[in-house]
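In what follows, a structure is listed as structure tokens, so that the remarks can point back to it.
The values are calculated or read from the model by the stated rules, or taken from the named source; none is laboratory data. Note that this is a predicted model, so its numbers are computed, not measured. Positions of Cβ are generated from backbone atoms using ideal geometry, with glycine treated the same way; all protein chains shown enter the neighbour counts.
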Amino acid sequence: MKVRKENGQIKKYSQLPKTWKNHLNFIHADEELQKQEGFYDLIIPEYNKKRQYLGDIYFDEENEIFTYLINDIVFNLDDLKKDIMLKFDVILNDFAVIIARCKFIHDEPLPEGLQIAISIAKQTRVNTINAINNLNTIEEALNFKIREDDVEYIKSLFKPYM
């Protein structure tokens, strides 16, 4: 992608114009002519998408390119914990549907294996909520993962009863 400053505004070009001013076939012009006419590459810098975002485009004179400012995301620990809990709620809803289905299929008293599976799911819920509530730093919250393998394991405990 090429970028050019026009009337104080930065304009992006997905491809160069076929003609530009008195230059025919400008789309195939060499780099030097493109730069003389103000067309420079837009380079997306490397950045940590978990912790940063791209800001405004600016011209980097040293490298003769347009690029983006990189801004740090300002995190709030309570908001991060709420986001994690919302993601966990989706998993808990899945567990609730599975448990309800198993209970619907099986009469009381529930089979021992099903009772054990329900107990494990409940304990996992308690442990995970405690772990989320005990996150004390933004770093801990950003690195917190609900392991998909654990979720799938718990779901697999219910398969014989569905």
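Taking each residue of the stretch 133-160 that is over 30 Å from Gln52 (Cα atoms) and in contact (Cβ under 8 Å) with a residue 40 or more places away in the chain and looking for partners that are β-branched (Val, Ile, Thr) and part of a helix (DSSP H, G or I) with beta-carbon atoms closer than 8 Å, six or more apart or interchain, yields Ile154/Ile120; Ile154/Thr124; Lys155/Ile98; Leu157/Ile116; Leu157/Ile120; Phe158/Ile98; Phe158/Ile99.
Given the condition touching a His at 6+ places or on another chain (Cβ under 8 Å) and among the acidic types (Asp, Glu), answer yes or no: does some residue in the stretch 45-67 qualify? Scanning the stretch 45-67, I find no residue that is touching a His at 6+ places or on another chain (Cβ under 8 Å) and among the acidic types (Asp, Glu), so the answer is no. Within the stretch 105-121, the set of residues being under 36 Å from the mean Cα position of the chain (by Cα) and touching a residue at least 12 places away in the same chain (Cβ under 8 Å) comprises Leu114, Ile116, Ala117, Ile118, Ile120, Ala121.
Close Cβ contacts (under 9 Å, 6 or more residues apart or on different chains) running from residues in the stretch 48-68 that are aliphatic (A, V, I, L, M) to residues that are not in a strand (DSSP E or B) comprise Leu54/Ile44; Leu54/Pro45; Leu54/Tyr47.
For (1) modelled with pLDDT under 95; (2) within 30 Å of Arg4 (Cα to Cα); (3) assigned to a helix (DSSP H, G or I), each residue gets a yes or a no:
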{"site": "Asp56", "(1), (2), (3)": "no, yes, no"}
{"site": "Leu69", "(1), (2), (3)": "no, yes, no"}
{"site": "Asp78", "(1), (2), (3)": "no, no, yes"}
{"site": "Met85", "(1), (2), (3)": "no, no, yes"}
{"site": "Ile91", "(1), (2), (3)": "no, no, yes"}
{"site": "Asp94", "(1), (2), (3)": "no, no, yes"}
{"site": "Thr124", "(1), (2), (3)": "no, no, yes"}
{"site": "Leu135", "(1), (2), (3)": "no, no, no"}
{"site": "Tyr153", "(1), (2), (3)": "no, no, yes"}
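Name the residues in the stretch 1-27 that are free of Cβ contacts under 8 Å to residues at least 12 places away in the same chain and more than 21 Å from Glu61 (Cα to Cα), would you? Those that are free of Cβ contacts under 8 Å to residues at least 12 places away in the same chain and more than 21 Å from Glu61 (Cα to Cα): Pro17, Lys18, Thr19, Asn22, Leu24, Asn25, Phe26.
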